[in-house]
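**Student:** This structure is in structure tokens; I'll ask about it shortly.
The values are calculated or read from the model by the stated rules, or taken from the named source; none is laboratory data. The shown structure was predicted, so the numbers you read here are calculated from the model rather than taken from an experiment. Reconstructed Cβ throughout: ideal geometry from the backbone, glycine too, with neighbour counts over all protein chains shown.
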């Protein structure tokens, strides 16, 4: 993050919304919006936002898997594939 270009006061946003949106979409860097000197919002381009959401979703799945493994909630690989094969074969 480049502090001088990536933090803007809300008054600047009001006056320069179009150019700020261009900056965000061109650089793909989020911009922090401040109000009374305090950070109040983050503006981000849609593609970066979607990528971040997808990454967080994957991290959540990994954390759940690790928790299940710690609690002994797992099965041997060959048993899992055998069950899947049986389910697939029963559908035909």
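**Student:** Condition first: outside any strand (DSSP E or B) and surrounded by 10 or more Cβ atoms within 10 Å (Cβ to Cβ). Now tell me which residues in the stretch 37-52 satisfy that.
**Tutor:** If the condition is that a residue be outside any strand (DSSP E or B) and surrounded by 10 or more Cβ atoms within 10 Å (Cβ to Cβ), then 44, 45, 47, 48, 49, 50, 51, 52 are the ones that fit.
**Student:** Can I ask one more? Return yes when residue 64 is outside the structural domain of residue 6 (by TED's automatic domain parsing) and surrounded by 10 or more Cβ atoms within 10 Å (Cβ to Cβ) and no when it is not.
**Tutor:** yes
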